[in-house]
Amino acid sequence: MERKNTKEIKIGNVTIGGGNPVAVQSMINTDTKDVRATLSQIENLYNAGCSIIRCAVYDSECILPFQTIVKNSCMPVVADIHFDYRLALGAIEAGAAKVRINPGNIGSEDKIRLVAQSAKEHKVPIRVGANTGSLNSDFVQKYGRNYIAIAESALANVNALEKAGFDDIVVSAKSSNVREMIDVYRYLSERISYPLHLGVTEAGDILAGTVKSSLGIGALLLEGIGDTIRVSLTADPVNEVHTAYELLRAAGLYNGGVEIISCPTCARTKYDLETTVQKLREKFAGEKRSLTVAVMGCVVNGPGEASHADIGIAGGKGKVVIFEHGEKTAVIDAEDAVDALYERAMIILDNKGNGC
């Protein structure tokens, strides 16, 4: 697909926009003041494939631990700021790779200018935007409570930074309504060339959040819109990262790591397919090299349907067939399937030599 060419922005050692790969983001849910717990979660997210992490700086006592977190983080840390411009200034001084602010609640034009000047001096980009929870009443009165009001509110925040002489900007405009979210980002994409951070806000638990994010973020990515994404879930943030990569894979924007495909099962299935898939997912967790693994319920159609897979198994009564690109290579006991497939898969990866 042809992606929209947006302005290139550097967030620490990660570059977004300008045709660079879509970056996966998440947000820490530990207390920022608990440095050990926060760094532990950052490491877990990094190992899951996260590129950029956001951390709430909610009062002045967060600044010092935030500085320690930034210094010891294995990926760029974004400071999430609301209401107090002094927190934004402190986070920038503490080494934030980016700050997320809402100019509408930071304060007067002078305060916005101070934040913009400090960010420019330290070469720190700013993410601005709007969502349904922080919509200025003036825009609601002018446009109604709809996607145009959200988008125009975001554009007003962009204009506030541009007026202060700052243009190292990333824009987001989220809604918990999928249709509205899609319309907002389409509207913005037609009017600005800044990188867009996509997300459905307040999306819900793993099931609801995955469905909503896949529809909203996925629809936009397929149109070439979006430079960074966050799948918001009421769950361990690691699940956000895993879901984001599956979403990018489905959109044709990511082909790294191990993709596990599996059939929905039927009465012909004679082994525990669900447990097999889960065990393989755990074994391949963190693997960055590209491989497609198929777990099929039976040998009737399995190898043929999954002939595009590098390796796979198809079940029988107490036995499974291992196949590579649709060609059967071995018959083994079902209880040995996971270990046998994994061992052979690692040999295939090593022979591919496609790095980490």
Accessible-area ranking of 30, 38, 265, largest first, probe 1.4 Å: 265, 30, 38
Given 33/120; 71/288; 33/71; 111/163, the pairs whose alpha carbons are separated by over 18 Å: 33/120; 71/288
Accessible area (Å², 1.4 Å probe, nearest 10) - residue 202: 130 Å²
Cβ-based net charge around residue 322, under 13 Å, with every Lys or Arg adding one and every Asp or Glu removing one: -4
Förster radius 30 Å - calculated FRET efficiency between residue 110 and residue 71, Cβ distance, rounded to 0.05: 0.45
Accessible area in the full protein assembly, largest first, 1.4 Å probe, for 293, 300: 300, 293
Heavy-atom accessible area per residue - the chain, 1.4 Å, Å²: 45 Å²
Counted charge near residue 6, where neighbours are those whose Cβ lies closer than 15 Å (Asp, Glu -1; Lys, Arg +1): 0
Inter-label distance, nm, simple model (7 Å from Cα along the C-beta direction), residue 190/residue 275: 5.5 nm
Largest to smallest accessible area among 148, 42 [probe 1.4 Å]: 148, 42
Proximal lysines to residue 328, defined as alpha-carbon separation beneath 23 angstrom and excluding residues fewer than eight positions away on the same chain: 270, 279, 283, 317, 319, 352
Modelled FRET efficiency - R0 25 Å, residue 317 with residue 339, Cβ distances, 0.05 increments: 0.80
P(r) of region 243-305 over all Cα-Cα pairs, binned every 5 Å from zero, in whole percent: 4, 16, 25, 22, 18, 12, 4, 0
Zero-based 10 Å bins, Cα pair distances in the chain, whole percents: 5, 23, 29, 21, 12, 8, 2, 0
Degrees between helix 147-163 axis and first principal axis of the chain (Cα, 0 to 90, nearest 10): 60 degrees
Set of lysines with alpha-carbon distance to residue 174 below 23 Å, sequence-local pairs under 8 removed: 4, 7, 10, 98, 142, 212
Calculated FRET efficiency for the pair residue 31/residue 202, C-beta based, R₀ 30 Å, to 0.05: 0.90
Net charge over other residues, Cβ less than 12 angstrom from the Cβ of residue 87 (K, R count +1; D, E count -1): -2
Carbon and sulfur %, accessible surface of region 107-146 computed with the full protein complex present, 1.4 Å: 46 percent
Dipole magnitude of the chain, debye to nearest 20 (Cβ charges: Lys/Arg +1, Asp/Glu -1, about Cα centre): 500 debye
Estimated Rh, region 80-158: Kirkwood, alpha-carbon pairs, angstrom: 12.9 Å
16 Å cut-off, amide nitrogen to a point 7 angstrom out along residue 236 Cα→Cβ, residues in region 12-36: 27-30
Solvent accessible area, Å² - residue 54, 1.4 Å probe, full protein context: 20 Å²
Computed helical MRE - 222 nm, the chain, DSSP H runs ≥ 4 contributing -39500 (n - 2.57), nearest 500: -13000 deg cm²/dmol
Quarter of Cα convex hull surface for region 199-350, i.e. mean projection, nm²: 9.5 nm²
Alpha-carbon Rg/Rh ratio, for region 94-219, with Rh computed the Kirkwood way: 0.99
Antiparallel DSSP beta bridges within the chain, percent to nearest 5: 30 percent
Dipole magnitude of region 245-356, debye to nearest 20 (Cβ charges: Lys/Arg +1, Asp/Glu -1, about Cα centre): 160 debye
With DNA, RNA and ligands ignored, accessible area of residue 82 (1.4 Å probe; Å², nearest 10): 70 Å²
Distance in nm between pseudo-label sites at residue 223 and residue 261 (7 Å out along the Cβ direction from Cα): 2.8 nm
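The values are calculated or read from the model by the stated rules, or taken from the named source; none is laboratory data. What you see is a predicted model; the values in this text were computed from it and never measured. Backbone-built Cβ (ideal geometry, glycine too); neighbour counts: all protein chains shown. Keep in mind that these areas ignore ligands, DNA and RNA; they rest on the heavy atoms of the full protein, side chains included. Shrake-Rupley method; radii C 1.70, N 1.55, O 1.52, S 1.80 Å.
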